[in-house]
Amino acid sequence: MSKKIQKKAGKSPPRRPTSRNRTETLRPALEKALRRMPKAKPAKRAQGVGTVSAGNLRGKVRLPETEDGNSAFRIPFPKDLAHLDGMSPLVIRWHYEMEYLHSYAQDSPFFAGLANGRLLGTRCIHCRYTFATPKGHCMRCGEKTRWIELPLKGKVHSWTTCYFGSQEFLKETPFNLVLVEFEGADTLLLSRLVGVGQDGIAVGMEVKAQFRRNAKLLASDVYFVPA
């Protein structure tokens, strides 16, 4: 079917209203309705977020509170600070670990020696100062050092018992550490002492080095036992 469009003489047909025209027509009514609506209250700021004005910086900025780690409430605290000397230690539980690539660089021969059952130190080529803990350069004169082999037997210079350790050794606590002195060496070597309790350790006692059968390329590949 065809539609007939009737035109009045001298006049064009009415134009269909556009969305823009409709918006302009409704604008006064919309603005009036918006003015009557109650104003919304400003939302509360998230905890840890604040504003800082130039005149008042104190008490406006806070770190966000998190729910990981330890949460403490009402820790006893004396009014007299002199009583803090008798305070019991705080003990917390905290998990941590990391993994990274690490180069032994100039110390690599030391760890290669441990894997082969040999204990290496270094000696200054100038002043002949000998290091039981290897150094690439002399700590006294600054000259380059060379590798030497240390004896496998030594004496306890000092010792301690560790009741806390890093993540690697935490499950092994308590354990004993000794500073070992060697004949012909001017410095000491820190290592683990096993096979003897605290009552059996004494300064000057003779010890000997033992090595892990399966080397891990760690300083703990060598340890000491009573000689």
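Shape verdict for region 97-227, please, from the Cα gyration tensor: rounded (a/c under 1.5), prolate (a/b greater than b/c) or oblate. Kindly include the intermediate steps, with their values, before the conclusion.
Numbers: a/c = 1.85, a/b = 1.25, b/c = 1.48.
It comes out oblate by the Cα gyration axes.
Give me a comma-separated list of calculated 3J(HN,Hα) values for region 188-204, in order, Karplus coefficients 6.51, -1.76, 1.60 applied at θ = phi - 60°, integers in Hz, x for any Gly or Pro.
Here the 3J(HN,Hα) series is 10, 10, 8, 7, 8, 10, 10, x, 7, x, 4, 5, x, 9, 8, 5, x Hz.
State the extension gain, in nm to one decimal, for the chain segment bounded by residue 67 and residue 202, taking 0.36 nm per residue of separation less the distance between their alpha-carbons.
Stretched fully, the residue 67-residue 202 segment lengthens by 43.9 nm.
Within 10 Å of each residue's Cβ, count the other Cβ atoms and sort 148, 201, 75 from fewest upward.
On the way: 148 14, 201 17, 75 6.
Ranked by crowding around the Cβ, least crowded first: 75, 148, 201.
Could you go through region 154-164 in sequence order and give the Karplus-derived ³J(HN,Hα) for each residue, using 6.51 cos²θ - 1.76 cosθ + 1.60 with θ = phi - 60°, rounded to whole Hz, and x for Gly and Pro?
x, 10, 6, 8, 7, 7, 8, 10, 9, 9, 9
Here, each number is a calculation from the coordinates, and none is a lab measurement. What you are looking at is a predicted structure, and each value in this text was computed from that prediction instead of being measured. Counting neighbours? That spans all protein chains shown, and the Cβs are built from the backbone with ideal geometry, glycine included.
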